Amino acid sequence: MSEVRVRIAPSPSGNLHIGTARTALFNYLFAKKNNGKFILRIEDTDAERTSQEYVDNIFDSLKALGLNWDEGPDVGGEYGPYTQSQRFDIYPKYIQKLLDEGFAYECFCTPEELEAEKEEASRNKKAYVYSKKCENLTEEEKAKLRAEGRKPAIRFNVAKAQKAFHDSSILEFDDLVKGKLHMDTNLIGDFVIMKSNGTPTYNYAVVIDDALMKISHVIRGEDHISNTYKQILIFEALGFEVPRFGHLGMILAPDRSKLSKRHGATAVSDFVEQGYLTEALVNFVALLGWSPSDGQEIKTIDEIAADFRINEISSSNSIFEYDKLKWMNSHYIKMLPKEVLREKLKKYLTKYDLSELTEEQYNRMIDITYEPLTLLSDITDAVAYFFGGDKVEIDEKAQAELETDLSQDVLKSFVEQAEGWEWTEENLHEKLEVFRGKFKEEKGYKPKFTMWAIRAAVTGRLCGADMVVTLAIIGKENSLKRAKAAIKTAMV
RNA sequence: AGCGGUAUCGUCUAGUGGUUAGGACGGGAGAUUCUCAUUCUCCAAACAGGGGUUCAAUUCCCCUUACCGCCGCCA
């Protein structure tokens with residue numbers, strides 16, 4: 001087999017969508033597994049809808065995910081340029097060839113005429129197929145139309161191409177993931193390959209680019225299946241080698257609709273912004289359709305690549321379940337090297353004055369708070385009570401707890417005794433153990449409630465990080481002030 | 001409407017012509033812990049329906065149903 005060359009060809013009309021990211025990932029995995037090349041091509045033929053901002057976002061997102069490309073707009077390559085808008089001089093040449101050989105013809109139909117055809121089709125409850133009205137226009141007729149100021153679009157002659165290369169009207173191809181797929185080409189209308197403004201359409205540009213870039217396998221979403229028949233015909237008409245195709249099931253939102261903004265994050269950069277790790281994103285998205293042969297779901301991108309077989313991909317759609325992604329994200333957070341984690345978290349702590357803490361205290365704080373995080377951004381709330389000096393916001397549940405006699409009893413003793421304690425983690429650990437042990441013995445207070453009183457007063461909450469370390473970080477003075485404050489307010 | 005695709009726990013999936021149909025997330029119960037979380041143990045949960053073929057069908061074939069996609073001078 002000749003060299004494996006696959007590509008991802010996003011259109012920069014938005015930030016890189018998670019679905020596109022999955023398609024990119026599968027292409028990347030396929031390339032890696034087969035020692036092939038992974039190519040990035042930007043499809044920006046529609047100048048209206050595309051922007052540089054989105055191109056940058058696509059680059060950044062792909063890189064963040066670790067999907068590095070071998071050839072592309074920025075790194076170049078043998079078959080560039082890799083941005084369609086820079087390839088506009090390439091497309092007309094092949095159009096001319098198609099025209100000369102009768103595989104394409106000029107169409108002078110106006111939007112109104114076309115609209116009328118479509119309306120009639122829907123009135124008769126029939127599928128719309130272009131009437132081929134312009135197929136056999138004479139030179140005189142064309143000249144006349146041109147004189148009227150009409151600019152022709154170029155249409156591909158489907159039936160002609162089909163007859164030239166196939167015995168029947170049925171076109172078949174062997175899909176890498178779905179197996180044999182077929183379609184009656186009589187149902188495909190002669191489609192436009194060059195717009196009247198001289199720019200190529202998607203179906204045409206894709207073929208030229210894939211052929212010229214020597215793409216061997218086209219792996220993409222199943223929404224492209226029907227385009228595939230058109231594209232195969234163009235490949236054949238132009239005498240290009242037809243690549244192999246593989247169509248992936250779609251990713252759906254939990255309500256089975258298209259994954260859109262209202263379901264939460266959809267762009268890779270949104271996920272990252274919200275505190276998802278790209279490692280988790282890659283791992284999770286790979287599991288949508290693909291499954292590891294050893295049953296071990298947590299895997300690096302390299303491990304997945306080694307185990308990847310395109311024909312074993314599930315060909316059905318899959319639902320994007322945020323729960324599992326979150327679980328996976330929390331797992332990856334725990335796996336992160338501490339230094340890396342501490343740095344990443346700073347981005348979500350900008351509302352606090354980190355200078356209140358020494359570096360050691362900051363590190364300790366992260367050590368005891370990172371475990372329950374599902375998103376990096378959860379850290380913002382998780383460490384709130386470490387800041388604010390001698391004051392802390394008390395939430396409802398903590399307030400209720402503070403008002404119990406037990407809590408007041410505990411706090412009074414705590415404030416009294418702790419005054420004399422040496423405020424180190426080691427010592428606090430020891431002292432508190434004795435402290436709650438005594439309460440248990442003398443008054444039957446469960447350790448849980450003894451600690452809750454202190455926790456509620458000092459952190460304003462009932463759940464949070466390790467109490468000993470928390471006290472040590474907040475410091476003796478502030479901890480005791482907070483504890484005293486809790487006693488006073490409860491007594492008023 | 002037409003054409004194409006898909007169908008195993010709620011979700012992602014494994015799997016087989018004969019299995020107690022397996023795992024993961026989520027859910028439930030319990031243990032551990034100063035709380036939350038973690039960790040551990042256990043539990044509930046699926047072969048869409050109907051016909052065939054066969055000694056035997058979740059597995060192969062057909063039909064139905066449901067869902068998804070496509071029918072642009074968008075990509």
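The values are calculated or read from the model by the stated rules, or taken from the named source; none is laboratory data. Note that the structure is a prediction, hence the values are computed from the model and not measured. Quick reminder, even Gly has a Cβ in these numbers, built from the backbone with ideal geometry, and neighbours come from all protein chains shown.
So which residues in region A:147-165 are surrounded by 13 or more Cβ atoms within 10 Å (Cβ to Cβ) and modelled with pLDDT under 95? Of everything in region A:147-165, just one residue is surrounded by 13 or more Cβ atoms within 10 Å (Cβ to Cβ) and modelled with pLDDT under 95, namely A:ARG150. Quick one: is A:LYS443 more than 11 Å from RNA strand B (Cβ to nearest atom), in contact (Cβ under 8 Å) with a residue 12 or more places away in the chain, among the charged types (D, E, K, R) and surrounded by 15 or more Cβ atoms within 10 Å (Cβ to Cβ)? No, not satisfied.
Residues in region A:271-293 that are under 14 Å from A:TYR322 (Cα atoms) and in a loop (DSSP other than H, G, I, E, B): A:GLY275, A:TYR276, A:LEU277, A:LEU287, A:LEU288. Restricted to helices (runs of 4 or more DSSP H) entirely inside region A:296-356, those with at least 1 residues that are in contact (Cβ under 8 Å) with a residue 40 or more places away in the chain, surrounded by 17 or more Cβ atoms within 10 Å (Cβ to Cβ) and within 8 Å of RNA strand B (Cβ to nearest atom) are A:322-335. Restricting A:VAL458, A:VAL415 to those that are more than 15 Å from RNA strand B (Cβ to nearest atom) and either under 19 Å from A:MET365 (Cβ atoms) or surrounded by 16 or more Cβ atoms within 10 Å (Cβ to Cβ) (or both) reduces the list to A:VAL415. Here is a check on your reading of the model: is A:LEU432 within 11 Å of RNA strand B (Cβ to nearest atom), surrounded by 20 or more Cβ atoms within 10 Å (Cβ to Cβ) and without any contact (Cβ under 8 Å) to a residue 40 or more places away in the chain? Criteria met by A:LEU432.
Scan region A:138-150 and tell me whether some residue there is within 40 Å of the chain's Cα centre (by Cα) and polar (S, T, N, Q). Before the answer, list the steps.
Looking only at region A:138-150, we keep the residues that are within 40 Å of the chain's Cα centre (by Cα), and these are none.
No - not one qualifying residue is present in region A:138-150.
Taken over region A:99-113, residues that are near RNA strand B (Cβ under 9 Å from one of its atoms) and touching a strand residue (DSSP E or B) at 6+ places or on another chain (Cβ under 9 Å) amount to 3.
Quick test for you: out of A:VAL272, A:VAL192, A:VAL268, pick the one residue that is at pLDDT 95 or above, surrounded by fewer than 19 Cβ atoms within 10 Å (Cβ to Cβ) and not acidic (Asp, Glu). Don't jump to the end; show me each part of the working.
Values: A:VAL192 fails: surrounded by fewer than 19 Cβ atoms within 10 Å (Cβ to Cβ); A:VAL268 fails: surrounded by fewer than 19 Cβ atoms within 10 Å (Cβ to Cβ).
Criteria check complete, one pass: A:VAL272.
I'd like the full set of residues that are surrounded by fewer than 16 Cβ atoms within 10 Å (Cβ to Cβ), charged (D, E, K, R) and in contact (Cβ under 8 Å) with a residue 40 or more places away in the chain, limited to region A:54-97. Across region A:54-97, the qualifying residues are A:ASP60, A:LYS97.
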